[in-house]
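Notes follow once the structure below has been shown.
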Amino acid sequence: MSVLMIIPAHNEAQNLPIVFDDIRKNFPEADILVVNDCSTDDTIDVIKQHPDVAYLNLPVNLGYSFAIQSGLKYAVQEGYDHLIQFDGDGQHLAAEAKKMYVYAMEKDVDIVIGSRFLETTGYHHSFFRRVGTGLFRKIIKMLTGQTISDPTSGLQVIKRSVFEPLSKIFAYPEFPDANLLIQLIYQGYSIDEIAVKMKNREFGESMHGGIVKPVKYMFKMFYYIIMVYFNNITGKKRRA
Amino acid sequence: METRIFFIAVAVILILYIYRNVRKNQISQDESILWMIGAIIILIFGIWPELIIKLADVVGIDYAPSLLFLLGCVFLFVFCFRNSQMLSDLKEKNKELIQDAALLDKRIRDLEKEMKQMRKEKDD
């Protein structure tokens, strides 16, 4: 049973050492893969100082979701059974990831999401985040009948049977959140959530900052979801 | 009435065509968004042609159909510009990849040379 932690990193030189220490201390069984998404600071030098950390060095900037997909391809190639999506900005805690991994093994769930909303955790949410999350939660409930309290959580444990097909899909969505979850539920995968604590990020900027970006995000997400919905109705991509 | 049905039919066919292309992975979801918006605008004007006359009134254009042409031109202009933008981005990334491949190739050749030397030393 092998497990890989995928950490997409774009200019996270300050945060990465903290993340590595955290994982080594609290979840030493996991292998670490950093996908360096063409950082312009000295992220790559920081990674090289840790010889036990595997890394992919993307020669051009692909963005968060494609960096993750590169990690999925690596996990398929190296034959891992489970992978954990873990952010490189110090938001996610290795102890919580371990809790999720143990839960996934015990209950044999395909995807376990670390949710910030199942319990009050003291995590600071921006206004847009809260409104958006509530909305997408309702949409998921409406379309699939399943309640997912934190569809935008980046902390996920994924089984090989799920990430192998994901690593191959054409045009992996720019934002793989609610749309991908709905698609996976439609395809018959089991998704579960457990409550996790998260820290507010220590250095650097969030990728959903400002006003234009969240609006664009919402708009695209609606479009993706409509597409997923129609794909399901006209039924072809369903798993047997 | 016939023209209205004709325009609605054209818009619906366009929407279905775009959707089919997305389904068959011939265009990505992201790229299809703008085209879909264009097709939906055609659909809206097909269903409510009065809209274009009202809109022309608001911006002070006497001959309403010319507004239609203006809108079409603006839309195509934006789209072409975005395509140029993306082309530049792709060109840049492609160049970056080619250079990277060349550098990797050099590193592999160096490694091979080193390995051959090491083998020779071992044999001697």
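Answer yes or no: is there a residue in segment B:27-38 that is in a helix (DSSP H, G or I) and either in contact with a His (Cβ under 8 Å, 6 or more places away or on another chain) or of a type in the set (Ser, Thr, Tyr) (or both).
Step one: list which residues in segment B:27-38 are in a helix (DSSP H, G or I), which gives B:29-38.
Going one step further and asking which of them are either in contact with a His (Cβ under 8 Å, 6 or more places away or on another chain) or of a type in the set (Ser, Thr, Tyr) (or both), we end up with B:32.
Yes; the residues of segment B:27-38 include at least one that is in a helix (DSSP H, G or I) and either in contact with a His (Cβ under 8 Å, 6 or more places away or on another chain) or of a type in the set (Ser, Thr, Tyr) (or both).
Contact annotation: residue pairs with Cβ atoms under 9 Å, 6 or more positions apart or on different chains, pairing a residue in segment B:66-88 that is free of Cβ contacts under 8 Å to residues at least 24 places away in the same chain with a partner that is surrounded by 13 or more Cβ atoms within 10 Å (Cβ to Cβ) and not in a helix (DSSP H, G or I), are B:LEU67/B:ILE61; B:LEU70/B:ILE61.
Beta carbons closer than 6 Å, at least 6 apart along the sequence or on distinct chains, never pair a first residue in segment B:15-33 that is more than 10 Å from every other protein chain (Cβ to nearest Cβ) with a second that is part of a loop (DSSP other than H, G, I, E, B) and exposed (fewer than 15 other Cβ atoms within 10 Å of the Cβ).
Looking at segment B:55-70, which of the residues that are surrounded by 12 or more Cβ atoms within 10 Å (Cβ to Cβ) and part of a helix (DSSP H, G or I) is modelled with the lowest pLDDT? If we take residues in segment B:55-70 being surrounded by 12 or more Cβ atoms within 10 Å (Cβ to Cβ) and part of a helix (DSSP H, G or I), then B:ALA64 is modelled with the lowest pLDDT.
Suppose we filter B:CYS73, B:CYS80 for residues that are within 24 Å of A:ALA171 (Cβ to Cβ), away from chain A (no Cβ under 14 Å) and assigned to a helix (DSSP H, G or I); which single one remains? Walk me through how you get there before you give the answer.
Working: B:CYS73 fails: within 24 Å of A:ALA171 (Cβ to Cβ).
Answer to the check: B:CYS80.
B:ALA101 falls short on exactly one of the conditions (1) part of a helix (DSSP H, G or I); (2) farther than 30 Å from A:CYS38 by Cβ, and that condition is (2). The single condition among (1) over 30 Å from A:TYR172 (Cα atoms); (2) within 11 Å of chain A (Cβ to nearest Cβ); (3) charged (D, E, K, R) that B:GLU50 does not satisfy is (2). In the set (1) assigned to a strand (DSSP E or B); (2) of a type outside the set (Asp, Glu); (3) more than 14 Å from every other protein chain (Cβ to nearest Cβ), A:LEU56 fails one condition alone, (3).
The values are calculated or read from the model by the stated rules, or taken from the named source; none is laboratory data. This structure is a prediction, so every number in the text was calculated from the model and none was measured. When we count neighbours, we look across all protein chains shown, and the Cβ atoms used for this are built from the backbone with ideal geometry, even at glycine.
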